Amino acid sequence: KVGDKVPLALPGATLPGDFTIKAGKLRGVESNGMLCSAKELNIAEDADGLLILPSESKVGAPIADVLRGDTVLDLEITPNRPDLLSVTGIAREIATLTAKTFKDPRASIPQSVSAEVKVGLAVSDPVLCPFYTARAVRGVKVGSSPEWLRAKIEAVGLRSINNIVDLTNYVMLELGQPLHAFDADKLDGALQVRLAHEGEEFRALDGKTYKLAANQVVITDQRRAVAIAGVMGGEETGVTDGTVNVIFESACFQPQSIRRTSRTLGLSSDSSYRFERGVDAEGVLPASARATQLATEIAGGTAENVVWASAERSGEIGLKPTPLSLRASRVAALLGVEVPQTRIDQILTGFGLTKSAEGWQVPSFRADLTREVDLIEEVARVVGMETIPARTQARFAGASATDRNYDRAMTLRRAFVAQGFHEARSITLVPAEPLGLKFTQTDAASLLRVKNPMNDDQVVLRPGLLHGLLTAVRDNLRAGAKSVRLFEIGRVFGTQRPEESTHAAAVLAGPLAERNWRSGEGRGADIF
């Protein structure tokens, strides 16, 4: 329409896909450029019409000045810190590390919660699902997300689907709490959280049908499973363009259960990634309220003033952990540097802990803090290891049994290398029947099996070294090696004492020497 500002590719410009714009005639009219959509600029997967730029954009300015790129932080989060799998968690961390003020967005989210558990939701196992909430928003209009929401979702590599699904992903990224949206009109009766029936079939949002096991938690209505708890929703009850009434699920599940289900089914999602590491139980209700707030703003509709919960009292789950004591003298003893008490208080308060007469109260989102030394570690990483002065350690220590074992192994390694062998390092997990080793019934009973193996090649702890060496020989010969000389020194395992012991093994294959004018074909490797 008149006044819109859009991207213009002039003749000579090259668009994504190596498409160069040229001047020419289009339906008899001279064309000196092309107006572009977001898809043509490769900043969106699809587009409805041209990309409308902000009204304050300067006409004639390079598009790069208008669409400034985001700064991308590529973070590697360790499994013990699920609180950092959200923008809120990262912001809290950065604020403390840089001595800035952190504002918790959850504090400003309006909540409307009933003090009673409404009949319409049943949880059969409070251990596997300690807290489950559902909230209905009726009369929504499902459609494309507003540009700001679409841009946020796509900036982190997620595909924009519709405004309802996108806002659940947005809240997950913002607060760290996974959500799921059901089409309320496709549900048959009340929701129930229960264990699946052995062999029960479920068609997920990825279009695949999965056979469930009896130890996997599912969300069901009165007729069938509608979601695999904490992993993925069902195709039959998903939100579509025709959805009018939605129910937002916000819950917390036992991490071990979600991890087992995800591994067994080979089904992973952004939700399962967070649930299997542990979500903050106290963030369940704020996330539900945040999703409701966004839904009424961008999709219209009316939210019900009830949150259904499985806890004894809505919003209160379990007991707070016992406060941890922290001694300034212990901080100095472990770190080797004096840290003022005011600095310690500032650091721990910034990470969300609160101080009382009993000690430091750990927030629900920091389940990794369980001991005094954990609090000292928090202080150390903010103060900085580089501030701790170095000191000369003792230069001599008497030889120990560990030293003697190491020297013995190194002597053996040098002897093998002197004979032309290469050292191999193989994985300690092997198949139930390794290469060349058909276990007898007695042997099989003494194997140490992994409870939840990643695959069929990593089922038991190795009872010997031959499997790894024979596998290496096979792979080398297949790759064209003429001769192979390998040795390995490593731990082997069994149920008989000692459970672990160190073995040495060697293997030879092929000719002992290259073919030459003196030896002809050469002698092949043999037992001698």
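The values are calculated or read from the model by the stated rules, or taken from the named source; none is laboratory data. Note that the structure is predicted; figures quoted are calculated from it, not measured. Positions of Cβ are generated from backbone atoms using ideal geometry, with glycine treated the same way; all protein chains shown enter the neighbour counts. Areas reflect the complete protein model, heavy atoms only, side chains present, ligands, DNA and RNA absent. Shrake-Rupley method; radii C 1.70, N 1.55, O 1.52, S 1.80 Å.
Of the residues Ala91, Ala9, the single one that is open to solvent by less than 90 Å² (accessible area, probe 1.4 Å), modelled with pLDDT of 85 or more, closer than 30 Å to Pro255 by Cα and hydrophobic (A, V, I, L, M, F, W, C) is Ala91. Would it be correct to say that Val113 is of a type in the set (A, V, I, L, M), modelled with pLDDT under 90, outside any strand (DSSP E or B) and closer than 16 Å to Ser288 by Cα? Judged against the criteria, Val113 is a match.
Entry remark, the stretch 388-437: residues being farther than 16 Å from Arg491 by Cα, in contact with a helix residue (DSSP H, G or I) (Cβ under 7 Å, 6 or more places away or on another chain) and of a type in the set (S, T, N, Q) number 0 in total. Within the stretch 444-497, the residues that satisfy the criterion of being farther than 27 Å from Ala525 by Cα and of a type in the set (A, V, I, L, M, F, W, C) are Ala444, Ala445, Leu447, Leu448, Val450, Met454, Val459, Val460, Leu461, Phe493. Of all positions in the stretch 179-198, none carries a residue that is over 20 Å from Arg135 (Cβ atoms) and without any contact (Cβ under 8 Å) to a residue 12 or more places away in the chain. Within the stretch 49-66, at least one residue is at positive phi, open to solvent by less than 60 Å² (accessible area, probe 1.4 Å) and not hydrophobic (A, V, I, L, M, F, W, C). Taking the stretch 127-173 as the range and being open to solvent by 30 Å² or more (accessible area, probe 1.4 Å), within 16 Å of Gln293 (Cα to Cα) and assigned to a loop (DSSP other than H, G, I, E, B) as the test, the residues that pass are Gly139, Lys141, Pro146. Taking the numbered list (1) within 30 Å of Ala513 (Cα to Cα); (2) in a loop (DSSP other than H, G, I, E, B) in turn, Asn452 passes all entries but (1). Among the residues of the stretch 21-48, those identified as part of a strand (DSSP E or B) and open to solvent by 60 Å² or more (accessible area, probe 1.4 Å) are Lys25, Leu26, Val29, Glu30, Leu35. Inside the stretch 490-504, residues that are touching a residue at least 24 places away in the same chain (Cβ under 8 Å), in a strand (DSSP E or B) and open to solvent by 20 Å² or more (accessible area, probe 1.4 Å) make up a count of 5. Checking each residue in the stretch 358-384 for being touching a residue at least 60 places away in the same chain (Cβ under 8 Å) and among the aromatic types (Phe, Trp, Tyr) picks out only Phe365. Among the residues of the stretch 322-355, those identified as assigned to a loop (DSSP other than H, G, I, E, B) and either of a type in the set (Ser, Thr, Tyr) or free of Cβ contacts under 8 Å to residues at least 24 places away in the same chain (or both) are Thr322, Ser325, Glu338, Pro340, Leu353.
Restricting the stretch 170-185 to residues that are charged (D, E, K, R) and in contact with a strand residue (DSSP E or B) (Cβ under 8 Å, 6 or more places away or on another chain) leaves a set whose member that is farthest from Pro146 (Cα to Cα) is Asp185. Return the total of residues in the stretch 388-433 being surrounded by fewer than 11 Cβ atoms within 10 Å (Cβ to Cβ), more than 30 Å from Arg485 (Cα to Cα) and in contact (Cβ under 8 Å) with a residue 12 or more places away in the chain. Residues that pass the stated criteria total 2.
Just a yes or no: is a residue in the stretch 69-80 open to solvent by 70 Å² or more (accessible area, probe 1.4 Å), modelled with pLDDT of 90 or more and among the hydroxyl-bearing types (Ser, Thr, Tyr)? Yes, the stretch 69-80 contains a residue that is open to solvent by 70 Å² or more (accessible area, probe 1.4 Å), modelled with pLDDT of 90 or more and among the hydroxyl-bearing types (Ser, Thr, Tyr). Checking Thr471, Thr502 one by one, the residue that is at pLDDT 90 or above, closer than 30 Å to Arg263 by Cα and polar (S, T, N, Q) is Thr471 and no other.
Every residue, every condition in (1) aliphatic (A, V, I, L, M); (2) in contact with a helix residue (DSSP H, G or I) (Cβ under 9 Å, 6 or more places away or on another chain); (3) surrounded by fewer than 22 Cβ atoms within 10 Å (Cβ to Cβ), yes or no:
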{"site": "Thr220", "(1), (2), (3)": "no, no, no"}
{"site": "Val246", "(1), (2), (3)": "yes, yes, no"}
{"site": "Phe253", "(1), (2), (3)": "no, yes, no"}
{"site": "Arg259", "(1), (2), (3)": "no, yes, yes"}
{"site": "Ser262", "(1), (2), (3)": "no, yes, no"}
{"site": "Leu267", "(1), (2), (3)": "yes, yes, yes"}
{"site": "Leu294", "(1), (2), (3)": "yes, yes, yes"}
{"site": "Ile298", "(1), (2), (3)": "yes, yes, yes"}
